[in-house]
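Data block below; observations after.
The values are calculated or read from the model by the stated rules, or taken from the named source; none is laboratory data. Every value quoted in this text rests on a predicted model; they were computed, and no experiment measured them. Here Cβ is always computed from backbone atoms with ideal geometry, including for glycine, and neighbour counts include all displayed protein chains.
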Amino acid sequence: MDGNRISRRHFLRTTATTTGSALLSAASYQNVLGASERVRVGLIGIGLIGKRHLLDFMAQPDVEIAAICEVYEPRLQEGLSTSGSRAEGYKDFRKMLDRKDIDAVVVSTPDHWHALLTIVSCAAGKDVYVEKPLTHVVREGRWMIEAAKYYDRVVQVGTQQRSGQHYRRCVELIQSGHIGEIRNARVTAFRNIMPGFTNAVGAQPLAEADWNMWLGPAPYVPFDQHRCLYHFRWFWDYSGGQTTNLLSHDLDIVQWATDSVPRTVMAAGRRYSLKGIGETPDVFEAIFEYPTFLTNWSCREVCAGPNNAWADLEFSGTKGTLAISRSGFEVFPNLLISPEDQIPQFTTTRRDKPAALPPYRTTALRRHGYEQIKDQFQPHVRNFLDCIKSRRPPVSDLESGHKTITSCHLANISMKVGRTLHWNAEKEEIMGDPEASKLLTKTYRPPWDQELKSVLPKPS
């Protein structure tokens, strides 16, 4: 071993604790990593999920937090303090992207910024971890895919469930036929926030320049503290409500497990009861028709579900049901009862009543005890970092993320136009509906339209 260098193996051995364990802090480990092994990360957006990502990236031994960009001053200062004050703060992401020493960018902004920030970051030579929902409109997804390919960048979508061990096991069980042929999936999200949000998140107003940056490519409106920070999600200019927020996680698992996308989508929803902040629906129902099964999406913001409804995703097959959430999954097998014995009897006694309980059609399984941060968020970060070094596709690649959020967008479009949509997945077009097709894209506000144009790969 070179006397002027200390190997990682030697460092791990000599820093073992008195009990014999070799626990090592991320900060200590960074000190012995070579410069080529460290990944220098800049974060754009340091709100609720952004701070979570800051903590999870800081926990990795080969990460150095180099920069944080945030237009809301209190959150910027909080992020810098959390990072140990080693990072440099910015309010204009372009200045951060100019730094040649930053290897990767984490995008945790409101949804309307996700596509543009990912594309310009790729053009600046950075790999990107972008939060879900991947896009604000459908067309942005294909732009992102082409940009990542053109600039040869690794992009990880923040659908963290794909890194969960029990979600991978769920996919294996579905694909192996453990619960039979899948004929239905149900995704639900229920809570009661009546009478609606009325208080802004964050008391300090944004200066005009900071507000203008926060709006970015979205249409200009005068500063309104109720439209930004957490509550941006309830305005169409910046997001798609819970259908792009929550549904995107579980629909991603549905499409991963079945390797399919919907061909028709029908949806209905309205803002019936909620007052105050927002305009997105408080009740939403959608049906997605896939080639061999249906998926239902039910969302309520005005009534919580029953206390025993722990699973927000259920797969129904011809042998039983698999229910799953971030804490675990269970398989509930169906009894093997002949069709004739399931005919209701109202005037006669059923003949040949079985003396014993019929057998089950499949095996019951139960796996619980998983934790969202430890078992999904942190492995997702690790996967991204490993892919930066190997240049292999990450577990949540852009193509799968684009297909997932496209399905969510189609539900919102169906709700807005009030009719069923027929989707051509190969051409990425809504068939026979010009009005609905217009909602697949949007116009960026100047100067961001030109910023986008300047970095988009030219059609070949």
>> So if I check each of LEU80, LEU55, which one is modelled with pLDDT of 95 or more, buried (at least 19 other Cβ atoms within 10 Å of the Cβ) and among the hydrophobic types (A, V, I, L, M, F, W, C)?
In response: LEU80
> Any residue in the range 316-325 that is surrounded by fewer than 15 Cβ atoms within 10 Å (Cβ to Cβ) and on the phi < 0 side of the Ramachandran plot?
Replying inline: yes
> If you take the residues of the range 199-234 that are over 25 Å from the mean Cα position of the chain (by Cα) and not in a loop (DSSP other than H, G, I, E, B), which of them is surrounded by the most Cβ atoms within 10 Å (Cβ to Cβ)?
Replying inline: TRP211
>> I want to confirm something. Restricting to the range 355-401 and keeping residues that are closer than 21 Å to ASP127 by Cα and among the aromatic types (Phe, Trp, Tyr), which single residue is surrounded by the most Cβ atoms within 10 Å (Cβ to Cβ)?
In response: PHE384
>> Tell me yes or no: at least one residue of the range 87-94 is under 26 Å from PRO379 (Cα atoms), in contact (Cβ under 8 Å) with a residue 24 or more places away in the chain and aromatic (Phe, Trp, Tyr).
In response: no
>> I'd like to check which helices (runs of 4 or more DSSP H) are fully inside the range 362-437 and have at least 3 residues that are aliphatic (A, V, I, L, M), out of contact with any Asp or Glu (no Cβ under 8 Å at 6 or more places or on another chain) and at pLDDT 95 or above.
In response: 398-417
> Which ones in the range 65-77 are surrounded by fewer than 21 Cβ atoms within 10 Å (Cβ to Cβ) and touching a residue at least 24 places away in the same chain (Cβ under 8 Å)?
Replying inline: GLU73, PRO74, ARG75, LEU76
> With VAL261, VAL265 as the choices, which residue is under 18 Å from the mean Cα position of the chain (by Cα), of a type outside the set (Ser, Thr, Tyr) and not in a helix (DSSP H, G or I)?
Replying inline: VAL261
> How many residues are under 23 Å from the mean Cα position of the chain (by Cα), surrounded by 15 or more Cβ atoms within 10 Å (Cβ to Cβ) and not charged (D, E, K, R) if we restrict to the range 402-443?
Replying inline: 16
> From the list LEU294, LEU313, LEU274, which one is buried (at least 19 other Cβ atoms within 10 Å of the Cβ) and under 24 Å from the mean Cα position of the chain (by Cα)?
Replying inline: LEU313
> For the range 329-349, does any single residue satisfy the condition of being in contact with a helix residue (DSSP H, G or I) (Cβ under 8 Å, 6 or more places away or on another chain) and within 22 Å of THR404 (Cα to Cα)?
Replying inline: yes
> Would it be correct to say that ASP98 is in contact with a strand residue (DSSP E or B) (Cβ under 9 Å, 6 or more places away or on another chain), surrounded by fewer than 24 Cβ atoms within 10 Å (Cβ to Cβ) and not basic (Lys, Arg)?
Replying inline: no
> For the range 36-52, does any single residue satisfy the condition of being assigned to a helix (DSSP H, G or I), out of contact with any Ser or Thr (no Cβ under 6 Å at 6 or more places or on another chain), modelled with pLDDT of 95 or more and closer than 24 Å to ASP449 by Cα?
Replying inline: no
>> Show the residue pairs meeting these rules: Cβ distance below 6 Å; 6+ apart or different chains; first residue within the range 294-309 and among the hydroxyl-bearing types (Ser, Thr, Tyr); second residue in a strand (DSSP E or B).
In response: THR295/ALA185; THR295/PHE288; SER298/THR188; SER298/GLU285
> CYS122 passes all but one of (1) in contact with an Asp or Glu (Cβ under 9 Å, 6 or more places away or on another chain); (2) at pLDDT below 95; which number fails?
Replying inline: (2)
> When you look at LYS458, is it more than 30 Å from ARG38 (Cα to Cα), in contact (Cβ under 8 Å) with a residue 40 or more places away in the chain and not in a helix (DSSP H, G or I), yes or no?
Replying inline: no
>> Being touching a helix residue (DSSP H, G or I) at 6+ places or on another chain (Cβ under 6 Å), of a type in the set (Phe, Trp, Tyr) and assigned to a loop (DSSP other than H, G, I, E, B) is the requirement here; does TYR272 meet it?
In response: no
>> Taking the condition of being closer than 14 Å to ALA185 by Cα and among the aromatic types (Phe, Trp, Tyr), how many residues in the range 307-331 meet it?
In response: 1
> Here are ARG168, ARG191, ARG139, ARG186: which of them is of a type outside the set (S, T, N, Q), free of Cβ contacts under 8 Å to residues at least 60 places away in the same chain and surrounded by fewer than 21 Cβ atoms within 10 Å (Cβ to Cβ)?
Replying inline: ARG168
>> With touching a Leu at 6+ places or on another chain (Cβ under 9 Å) and either under 27 Å from THR321 (Cβ atoms) or among the small types (Gly, Ala, Ser) (or both) as the only criterion, which of PRO359, PRO379 stands out?
In response: PRO359
> Yes or no: ASP111 in contact with a Pro (Cβ under 7 Å, 6 or more places away or on another chain) and buried (at least 17 other Cβ atoms within 10 Å of the Cβ)?
Replying inline: yes
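The rows are residues; the columns are (1) closer than 29 Å to ALA200 by Cα; (2) modelled with pLDDT of 95 or more.
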{"residue": "GLN30", "(1), (2)": "no, no"}
{"residue": "VAL71", "(1), (2)": "yes, yes"}
{"residue": "LYS100", "(1), (2)": "no, yes"}
{"residue": "ALA104", "(1), (2)": "no, yes"}
